[in-house]
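Following: one structure in C-alpha cells, then a few remarks.
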Amino acid sequence: MKISEIYKYLEKIGVLTFSTISSGEVHSRIAHLNGYDEDGMYFRTMKNKPYARQLKETGKLTICGITDSRILSHNEDGVPKFPTGYSIRLICEVKPVSEEVIREKAENNEDLKTAVYDMDHYPAMKEGNFVIYKAKGEIYDFDFDCTKRDHKLLRKRFQFGGVEYNKVGPTITDSCIECGKCYRNCTFKAIEKGSPYVIISERCDDCGNCLMNCPVNAIIPSKTF
Ligand code: SF4
C-alpha cells in the first residue's frame with residue numbers, strides 16, 4: 001500500500017493511540033497525524049514534553065485505532081453488537097524533522113500548514129515535529145455478521161520504508177493427514193481443503209482453534225508481526 005492510502009485509513013479514525021517506550025515501560029497517548037508525503041507521515045508535539053524526549057531516545061512508536069468504539073456494546077439480550085469497520089495498527093520508526101524542513105514542505109503541502117501555524121504560535125513546537133519514515137502495519141477489517149461478504153475478516157498487512165513482516169496466521173505443514181477437523185472447526189472460513197489443507201491468512205483471526213483440533217500437531221503457530 002502507498003503511504004497516502006495508509007494515511008487515509010488513519011485519518012478517517014482521526015484520534016489514535018500513540019505508544020512509546022520509556023525505561024522499559026509502555027507509555028500511551030491520544031494523538032493524531034498531521035500530514036504525509038513520499039518521505040513518511042508527520043505528527044508533532046512540544047519539544048519539552050516527555051513524549052518528545054522518549055521519541056528522540058528510542059525512535060520507536062506504535063499507533064492503533066478503531067473506526068467505531070461502540071463495538072463493545074451489547075443488545076438487551078446481552079449479545080455483543082459488532083458494527084462493521086476496521087482497526088489499524090502500526091509499528092513505526094520515527095525521527096525528528098527540523099522547523100526549516102517543515103516550513104519548506106508546507107509550501108506545497110496543505111496539511112503541513114497547520115504545523116507552521118503551531119510553530120508560529122507555540123515556540124516549543126519548533127523542535128517537536130516528527131516523521132514516521134518506516135512502518136509495518138495491519139488493517140483488520142471486520143464484518144462479524146457477514147453483511148458485505150461471506151467471511152468475517154479481511155486482514156491486510158503493509159509496510160513502507162523497506163520493513164519486512166511475517167504473514168498472518170498459523171501454517172499447516174506436510175504432516176497434515178487431511179482429516180478436515182481444522183476446516184470444520186474454523187469459524188472464520190479461513191481454511192481451504194487441500195493436500196495439505198491451507199490457511200487463508202487474510203481471513204485468519206489467529207484464534208488457534210485449528211491448532212487445538214489438529215490430531216497430529218500438523219499446524220505451526222503464527223509468528224509475531
Ligand atoms: Fe490437516 Fe490437522 Fe487440519 Fe486435520 S486438523 S486437516 S490433520 S491440519
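The values are calculated or read from the model by the stated rules, or taken from the named source; none is laboratory data. Here the structure is a predicted model, which is why all the values come from computation and not from measurement. Backbone-built Cβ (ideal geometry, glycine too); neighbour counts: all protein chains shown. In case anyone asks, the SASA skips ligands and DNA or RNA and just uses the protein heavy atoms, side chains included. Shrake-Rupley method; radii C 1.70, N 1.55, O 1.52, S 1.80 Å.
Across the range 167-186, the number of residues qualifying as modelled with pLDDT under 95 and either within 8 Å of the ligand (Cβ to nearest atom) or surrounded by fewer than 18 Cβ atoms within 10 Å (Cβ to Cβ) (or both) comes to 1.
Residue by residue, here is whether (1) open to solvent by 50 Å² or more (accessible area, probe 1.4 Å); (2) β-branched (Val, Ile, Thr) holds:
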residue	(1), (2)
Asn48	yes, no
Gly65	no, no
Ser69	yes, no
Thr84	yes, yes
Cys92	no, no
Glu100	yes, no
Arg103	yes, no
Asp111	yes, no
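How many of the residues making up the range 130-162 are farther than 14 Å from Gly85 by Cβ, touching a Ser or Thr at 6+ places or on another chain (Cβ under 9 Å) and of a type in the set (Phe, Trp, Tyr)? Selection size over the range 130-162: 1. Sort out which residues of the range 111-150 are in contact with an Asp or Glu (Cβ under 8 Å, 6 or more places away or on another chain) and assigned to a loop (DSSP other than H, G, I, E, B), and write them in order of number. The answer is Lys126, Glu127, Arg149.
I need the full set of residues from the range 4-32 which are among the aliphatic types (A, V, I, L, M) and touching a residue at least 60 places away in the same chain (Cβ under 8 Å), in order please. Scanning the range 4-32 gives Ile6, Leu10, Ile13. If only residues of the range 191-213 that are under 12 Å from Lys181 (Cβ atoms) and touching a residue at least 40 places away in the same chain (Cβ under 8 Å) are counted, the one that is nearest to the ligand (Cβ to nearest atom) is Cys210. Glu138 falls short of the stated requirement of being open to solvent by 30 Å² or more (accessible area, probe 1.4 Å) and either under 23 Å from Leu90 (Cα atoms) or without any contact (Cβ under 8 Å) to a residue 24 or more places away in the chain (or both). Whether a residue is crowded, with 16+ Cβ neighbours inside 10 Å and within 16 Å of the ligand (Cβ to nearest atom) was assessed, and Ile220 does not pass this test. Cβ-Cβ distances below 8 Å connect the following pairs, each with a first residue in the range 63-83 that is charged (D, E, K, R), a second residue that is in a helix (DSSP H, G or I), and a separation of six or more residues or different chains: Lys81/Arg70; Lys81/Ile71. In this structure, does Thr147 turn out to be touching a Leu at 6+ places or on another chain (Cβ under 7 Å) and open to solvent by 50 Å² or more (accessible area, probe 1.4 Å)? When the stated conditions are applied, Thr147 does not pass them.
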